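Asker: There's a structure below that I have some questions on.
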Amino acid sequence: MRLFTTVARIGAALLLAAGLSACSSGPSYNPTTFQAEMDGGPEAFKKVKTVIIPHVNLGPPSRNYLQDVEPRVDGLVGTYLKKNGYKVLPQREFRQHWNTAVRAFGDPVDPTTGKVNMKSFVQIMQSVRDQLRETTDLDAFVFTDIVEFEVPFNGGLKHLARWDGVTRRPSLQGPGSGVSADFDWNMNAAVASLQISIYDIELQRLFASRGGLDATDAIDTRSSAGRYVRRRNILENEEYVMEGIKLAFHPFIQWEDWPGNPD
């Protein structure tokens with residue numbers, strides 16, 4: 001059973017680069033693009049036709065402020081999968097079987113520490129899988145974890161941050177409209193990525209990758225010293241979220257503008 005290898009294996013350090021002149025990665029080369037990990041290949045991918053998006057993370061639960069946006073992100077992931085020919089089962093079917101299994105095996109997440117009991121998680125997933133196999137034509141589980149990192153907005157004169165294939169400018173929050181001249185652009189800010197992990201009906205990993213979404217911090221214009229604060233509206237830019245989704249699924253779902261190929 002390799003159900004828990006994803007979190008450790010795709011926790012690679014971010015590559016940071018500077019000097020890009022656009023605010024989104026687009027088709028141009030971005031050296032921070034995550035290289036997908038594939039235990040399956042084209043033939044294994046072709047066998048996947050019906051999927052379900054669990055409402056739980058493969059790894060530890062997301063921060064509270066990210067949990068609020070998870071349903072919206074899952075909805076966009078489902079739309080993207082359907083657009084590319086996949087049948088997406090209702091998430092409520094997974095939730096129903098998950099809740100039943102939790103009553104039998106216990107909640108795998110420690111509410112105090114947020115740590116996951118791997119033994120319980122595996123038992124629950126096996127139970128959910130068995131129930132879904134009896135009642136549906138499910139081929140795979142698509143886990144959608146929103147994960148956070150810290151990076152500086154120190155790329156070039158436009159102050160860009162680059163991670164997991166995207167390039168973003170910082171946003172401002174507060175009554176002011178500018179940034180202090182002595183603002184420390186090497187200071188780290190929190191950013192988010194979408195981590196996709198696909199497991200087949202036997203709970204064997206087929207695919208794992210990640211795509212950048214947007215910053216979850218903004219520059220506080222009320223601070224004379226210059227600092228970051230958490231954004232009021234997290235991941236509100238749908239275009240940015242869709243870019244992250246496309247990045248995270250490539251090449252399971254081919255994206256012609258994938259920025260991981262050098263010119």
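The values are calculated or read from the model by the stated rules, or taken from the named source; none is laboratory data. This one's a predicted model, so the numbers in the text were calculated from it and none came from an experiment. So basically every Cβ, Gly included, is an ideal-geometry build from the backbone, and we count neighbours across all protein chains shown. All accessible areas refer to the heavy atoms of the entire protein, side chains included, with ligands and DNA or RNA removed. Shrake-Rupley method; radii C 1.70, N 1.55, O 1.52, S 1.80 Å.
Asker: Out of all the residues in region 187-205, which are over 30 Å from Leu138 (Cβ atoms), open to solvent by 10 Å² or more (accessible area, probe 1.4 Å) and assigned to a strand (DSSP E or B)?
Answerer: Listed by number, the residues that qualify are Asn188, Ala190.
Asker: If you go through region 98-114 one residue at a time, do you hit one that is at pLDDT 95 or above, surrounded by 18 or more Cβ atoms within 10 Å (Cβ to Cβ) and part of a loop (DSSP other than H, G, I, E, B)?
Answerer: Yes, because at least one residue in region 98-114 is at pLDDT 95 or above, surrounded by 18 or more Cβ atoms within 10 Å (Cβ to Cβ) and part of a loop (DSSP other than H, G, I, E, B).
Asker: Look through region 206-237, keep the residues that are outside any loop (DSSP other than H, G, I, E, B) and acidic (Asp, Glu), and return whichever of them is surrounded by the most Cβ atoms within 10 Å (Cβ to Cβ).
Answerer: Looking at the filtered set, the residue picked out is Asp217.
Asker: Let me ask something additional. State the number of residues belonging to region 45-64 that are farther than 20 Å from Arg230 by Cβ, outside any helix (DSSP H, G or I) and not polar (S, T, N, Q).
Answerer: 11
Asker: So which residues in region 129-164 are farther than 21 Å from Ala208 by Cα and in a helix (DSSP H, G or I)?
Answerer: Asp130, Gln131, Leu132, Arg133, Glu134, Thr135
Asker: Within region 92-134, how many residues turn out to be in contact (Cβ under 8 Å) with a residue 40 or more places away in the chain and out of contact with any His (no Cβ under 6 Å at 6 or more places or on another chain)?
Answerer: 15
Asker: Answer with yes or no whether Gly40 is assigned to a loop (DSSP other than H, G, I, E, B), modelled with pLDDT under 95, surrounded by 13 or more Cβ atoms within 10 Å (Cβ to Cβ) and small (Gly, Ala, Ser).
Answerer: Answer is yes for this residue.
Asker: Determine if region 65-74 includes at least one residue that is more than 22 Å from Leu206 (Cβ to Cβ), open to solvent by 40 Å² or more (accessible area, probe 1.4 Å) and outside any helix (DSSP H, G or I).
Answerer: For region 65-74, residues more than 22 Å from Leu206 (Cβ to Cβ), open to solvent by 40 Å² or more (accessible area, probe 1.4 Å) and outside any helix (DSSP H, G or I): present.
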